[in-house]
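Single-structure report; data block below.
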Amino acid sequence: QVQLVESGGGLVQAGGSLRLSCAASGSIFSISTMGWYRQAPGNRSESVASITYGGATNYADSVKGRFTISRDNAKNTVYLQMNSLKPGDTDVYFCNARARVRGGDSWSSFWGQGTQVPVSS
């Protein structure tokens, strides 16, 4: 299987920056799209940003111009640079990867455990 481990979350003041990282490990044959989602308790999850293996990116309108997603394919790692953070960005951020495991013949979606990003005003 594939394990995703996020890091980099924590309390930050409004206007500040954070960089989240998510490293994939395990029996990986290939990873296609990686991305970040966020969810507050009781709310639906929201796709924040995604990036394909080739580097094509997509962002939620609410974070365009403030967040940047990138990845290191050699390290199976995806990053989310978050600048100009607002209290409304407060959420639990989850990493997602669409991957194919060794010996498998299909693609599956894998999730990290989530990392909290509280933004104080």
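When the solvent-accessible area of the chain is split by element, carbon and sulfur atoms take up 47 percent of it, the probe being 1.4 Å. 3J(HN,Hα) couplings calculated from phi for the stretch 26-42 with the Karplus curve 6.51 cos²θ - 1.76 cosθ + 1.60 (θ = phi - 60°) are, in sequence order, x, 8, 8, 8, 7, 10, 9, 6, 10, x, 10, 10, 9, 8, 9, x, x Hz; Gly and Pro show x.
Size descriptors for the chain, from the alpha-carbon set: Rg then Dmax equal 14.2, 49 Å. Computed over protein heavy atoms with a 1.4 Å probe, the accessible surface of the chain works out to 52 Å² per residue. For the stretch 109-121, 3J(HN,Hα) computed residue by residue from phi via the Karplus equation (6.51, -1.76, 1.60; θ = phi - 60°) reads 9, 10, 10, x, 7, x, 9, 7, 10, x, 10, 8, 8 Hz, glycine and proline entered as x. Simple rule: put +1 on each Lys or Arg Cβ and -1 on each Asp or Glu Cβ in the chain, find the dipole, and look at Gly114, Ser7, Ser45; the Cα lying farthest toward the positive end is Ser7. When Thr52, Thr77 are compared by accessible area at a 1.4 angstrom probe, the order from most to least is Thr52, Thr77.
The values are calculated or read from the model by the stated rules, or taken from the named source; none is laboratory data. Since the structure is predicted, the reported quantities are computational estimates derived from the model, not experimental observations. Cβ sites come from the backbone with ideal geometry, for glycine too, and all protein chains shown count toward neighbours. Just so you know, the surface numbers come from the protein's heavy atoms only, side chains and all, with ligands and any DNA or RNA stripped out. Shrake-Rupley method; radii C 1.70, N 1.55, O 1.52, S 1.80 Å.
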